[in-house]
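A.B. asks: If you scroll down you'll find the structure; I have some questions about it.
Quick note: the coordinates plus some simple rules give every number you see, no bench work behind them. This one's a predicted model, so the numbers in the text were calculated from it and none came from an experiment. Please note: Cβ atoms are built from the backbone with ideal geometry, for glycine as well, and neighbour counts cover all protein chains shown.
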Amino acid sequence: MIIRIWHGRTSRNRADEYAEFLKDRSLPDNRDAEGNLEVAILRRDEKDVSHFMTVTRWVSEDAIRDFAGDDIRKTKYYPEDRGFLLELEPEVQHYELVAKAP
């Protein structure tokens, strides 16, 4: 299994609105993708910035490829992200799941 982690930053004054966008758009898009097993969206607020991480669990790199495109390291963005994010990070991180407890 593969864990895919995306990170993005937005200003604190837009963070609540962006969180709703992620719940309404990104979460269902990931959840409904074939081969996706789990989706979690995390938020951490700092002084003027809020960090978001989307952590997904996939059955294989092929499933990620079907969702994100041929270069699975490349971040999949939505057009609306440009209005929220302080920068568009070009790559996501992937980890092989080696152990898990219920």
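A.B. asks: Taking residue 15, is it surrounded by 12 or more Cβ atoms within 10 Å (Cβ to Cβ) and under 14 Å from the mean Cα position of the chain (by Cα)? Can you show your working first?
C.D. replies: On the way: surrounded by 12 or more Cβ atoms within 10 Å (Cβ to Cβ): yes; under 14 Å from the mean Cα position of the chain (by Cα): no.
In short, no.
A.B. asks: Got a number for residues in region 5-42 being assigned to a strand (DSSP E or B) and under 19 Å from residue 87 (Cβ atoms)? Break it down into steps so the answer makes sense when it comes.
C.D. replies: Within region 5-42, the first condition is being assigned to a strand (DSSP E or B), and the residues that meet it are 5-11, 36-42.
From what's left, under 19 Å from residue 87 (Cβ atoms): 5-11, 41-42.
Number of matching residues: 9.
A.B. asks: Could you please find all residues in region 52-66 being touching a helix residue (DSSP H, G or I) at 6+ places or on another chain (Cβ under 9 Å) and more than 21 Å from residue 100 (Cβ to Cβ)? If you could, list the steps in order and put the result at the bottom.
C.D. replies: Of region 52-66, the ones touching a helix residue (DSSP H, G or I) at 6+ places or on another chain (Cβ under 9 Å) are 52, 54, 56, 58.
Within region 52-66, 52 is the sole residue that qualifies.
A.B. asks: So which residues in region 22-34 are under 24 Å from residue 100 (Cα atoms) and crowded, with 18+ Cβ neighbours inside 10 Å, if there are any at all?
C.D. replies: Listed by number, the list holds a single entry, 30.
A.B. asks: Give region 56-87 a look and list any residue that's more than 18 Å from residue 16 (Cβ to Cβ), crowded, with 17+ Cβ neighbours inside 10 Å and of a type in the set (A, V, I, L, M), or say none.
C.D. replies: Within region 56-87, 63, 64, 68, 72 meet the criteria.
A.B. asks: Could you grab the pairs with beta carbons closer than 7 Å, sequence gap of 6+ or different chains, first residue in region 41-52 and loosely packed, with under 14 Cβ neighbours inside 10 Å, second one charged (D, E, K, R)?
C.D. replies: 45/12; 48/12; 49/9; 49/12
A.B. asks: Continuing with this model, one more query. Out of the residues in region 46-55 that are of a type outside the set (Ser, Thr, Tyr) and part of a strand (DSSP E or B), state the one that is nearest to residue 19 (Cα to Cα). Even if it seems obvious, please write down each step before you answer.
C.D. replies: Taking region 46-55 first, the residues of a type outside the set (Ser, Thr, Tyr) are 46-49, 51-53, 55.
Those left that are additionally part of a strand (DSSP E or B): 49, 51-53, 55.
Values: 49: 13, 51: 10, 52: 8, 53: 11, 55: 14 Å.
Across region 46-55, the extreme among qualifying residues is 52.
A.B. asks: Output the residue which, of all residues in region 57-102 that are assigned to a loop (DSSP other than H, G, I, E, B), of a type in the set (D, E, K, R) and out of contact with any Lys or Arg (no Cβ under 8 Å at 6 or more places or on another chain), is nearest to residue 7 (Cα to Cα). Talk me through it step by step, then tell me what you get.
C.D. replies: First pass over region 57-102, keeping only residues assigned to a loop (DSSP other than H, G, I, E, B): 59-60, 69-73, 75-80, 86-90, 92, 97-102.
Now narrow it down to the ones that are of a type in the set (D, E, K, R): 70-71, 73, 76, 80, 87, 89, 100.
Applying the additional criterion that residues be out of contact with any Lys or Arg (no Cβ under 8 Å at 6 or more places or on another chain) yields 70-71, 73, 76, 89, 100.
Numbers: 70: 20, 71: 17, 73: 13, 76: 11, 89: 8, 100: 22 Å.
Filtering first and then ranking leaves 89.
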